[in-house]
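Notes to accompany the following structure.
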Ligand code: FAD
Ligand code: UDP
């Protein structure tokens, strides 16, 4: 079928694009998904490593968690979930601590047992020492909540490595993602629902896109195919918003990641799925060990697969992973959003299209909401204009 004959063209086969493709096809309309990579799944893509037989997440460990009943139920139409609950450790000056910072981290770091009240008082005193009325960057926000010693040990170096930006130039909202707990709760997320798809993320996408009304074209860049679309056709665009407009107002800044995978001849390399490295001198931010994500599976006893993650500023030809979101970026994005508002047949969304730090459940929730509020009305408007 020619591209112009589909009811909708979806750019990107990540969770945003796949959810919209599935929803649109469920109404009887035809969809073509264009994906420039050689696989579906976007950054959530998983595959089996031929050498070890271990499934790995190509773009870093992806942990599913949500408080949305709607998203949780929606995904259950395509997969069951395991009981996995994520824990993270962090290494600082040769010692290992629980992350996010909890009572165990605080006691180990200060070298003595404290009750929750004692720990809270100690941290409060240290935070008050530099209190400001309204913290307006990541460093101020972190110091106001955990005090300078814990900030210097666990946040400053990691954040500098991860964002290649001084924490005083970063928005406070980034650190708001990381809780501080005065209990021994060792889990990374506190959401009501958590788990991993039983047979991996890629299988979820395969099922979402498995419809006679959905065609997927891999290895196709939208910008090479754009001329063969019909001018009023619905386009759902989940690529970078600045690229859509040919960077005409300037480039938004993104962070990219380099992944260095290695098969190691031991049963267990680090004892956990993710270990962070807090110190600036260690070049990687974290190491993933994928067999720990699925303890319910049988894995080879003599081999494991690890992946070191390095972070750096993205150049135009790198994969953009995280919006850096400086004040300049926010201004530029707002100008691009005004341009986007004038593209009547194009819906911009997902992490790249909305220049937002979205977790998987948020990408799915926004696709479900955009389907109800924007896609359905798009066709209602088209019918009215044909009738009128
Ligand atoms: P993407 O998955 O990025 O999909 C967009 C797709 O569009 C890509 O496949 C891209 O190739 C394609 N595309 C772009 N431009 C074009 C074009 N011109 N033509 C054709 N195709 C194009 N979320 C969690 O909930 N838990 C986690 O633990 C977690 N960990 C993460 C770890 C890392 C390292 C990263 C980077 C993200 C993580 N996320 C996590 C976030 C999660 O990856 C996103 O929420 C999710 O991928 C968003 O889906 P999306 O469809 O918006 O974008
Ligand atoms: N962070 C940190 N130390 C850590 C883990 C996280 O300082 O050991 C900070 C860092 O600034 C990071 C933010 O907390 O960008 C949010 O962490 P999260 O794990 O949510 O980031 P993600 O891995 O999803 O990018």
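Here are the numbers for the structure shown:
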| item | result |
| --- | --- |
| Some residue of segment 297-309 being loosely packed, with under 14 Cβ neighbours inside 10 Å, at pLDDT 95 or above and within 16 Å of ligand 2 (Cβ to nearest atom) | no |
| Residue check, residue 227 within 14 Å of ligand 1 (Cβ to nearest atom), without any contact (Cβ under 8 Å) to a residue 60 or more places away in the chain, under 13 Å from residue 9 (Cα atoms) and surrounded by fewer than 15 Cβ atoms within 10 Å (Cβ to Cβ) | yes |
| Elements of type strands (runs of 3 or more DSSP E) in segment 284-367, at least 1 residues being touching a helix residue (DSSP H, G or I) at 6+ places or on another chain (Cβ under 9 Å) and within 23 Å of residue 14 (Cα to Cα) | 304-313, 346-348 |
| Verdict on residue 74 being within 16 Å of ligand 2 (Cβ to nearest atom) and either in contact with a helix residue (DSSP H, G or I) (Cβ under 6 Å, 6 or more places away or on another chain) or more than 16 Å from residue 273 (Cα to Cα) (or both) | no |
| Segment 159-186 residues that are closer than 20 Å to residue 320 by Cα and outside any loop (DSSP other than H, G, I, E, B), paired with ones that are within 16 Å of ligand 1 (Cβ to nearest atom) and at pLDDT below 90 (beta carbon under 7 Å, 6 or more apart) | 163/324 |
| Single residue of segment 86-100 satisfying the filter (assigned to a strand (DSSP E or B) and more than 19 Å from the chain's Cα centre (by Cα)) that is farthest from ligand 2 (Cβ to nearest atom) | 95 |
| Single residue of 25, 50 found to be more than 16 Å from ligand 1 (Cβ to nearest atom), over 20 Å from residue 240 (Cα atoms) and in contact with a strand residue (DSSP E or B) (Cβ under 6 Å, 6 or more places away or on another chain) | 25 |
| Residue that is surrounded by 14 or more Cβ atoms within 10 Å (Cβ to Cβ), over 19 Å from residue 178 (Cα atoms) and modelled with pLDDT of 95 or more, where the choices are 266, 282, 275 | 282 |
| Which listed residue, of 235, 216, 220, is surrounded by 15 or more Cβ atoms within 10 Å (Cβ to Cβ) and in a loop (DSSP other than H, G, I, E, B) | 220 |
| Residue in segment 211-222 that is touching a helix residue (DSSP H, G or I) at 6+ places or on another chain (Cβ under 6 Å) and within 12 Å of ligand 1 (Cβ to nearest atom) present | no |
| Which listed residue is closer than 27 Å to residue 258 by Cβ and within 13 Å of ligand 2 (Cβ to nearest atom), from 221, 191, 166 | 166 |
| Pairs with Cβ under 7 Å, 6+ apart, first in segment 114-126 and at pLDDT 95 or above, second exposed (fewer than 14 other Cβ atoms within 10 Å of the Cβ) | 116/183 |
| Members of segment 36-57 that are under 18 Å from the mean Cα position of the chain (by Cα) and either crowded, with 19+ Cβ neighbours inside 10 Å or part of a helix (DSSP H, G or I) (or both) | 40, 41, 42, 43, 44, 45, 46, 56, 57 |
| Scope segment 164-183; condition within 16 Å of ligand 1 (Cβ to nearest atom) and either in contact with a strand residue (DSSP E or B) (Cβ under 6 Å, 6 or more places away or on another chain) or closer than 15 Å to residue 147 by Cβ (or both); matching residues | 164, 178 |
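The values are calculated or read from the model by the stated rules, or taken from the named source; none is laboratory data. Remember, it's a predicted structure, so these values are computed and weren't measured experimentally. Don't worry about glycine lacking a Cβ; one is built from the backbone with ideal geometry, like all the others, and counts go over all protein chains shown.
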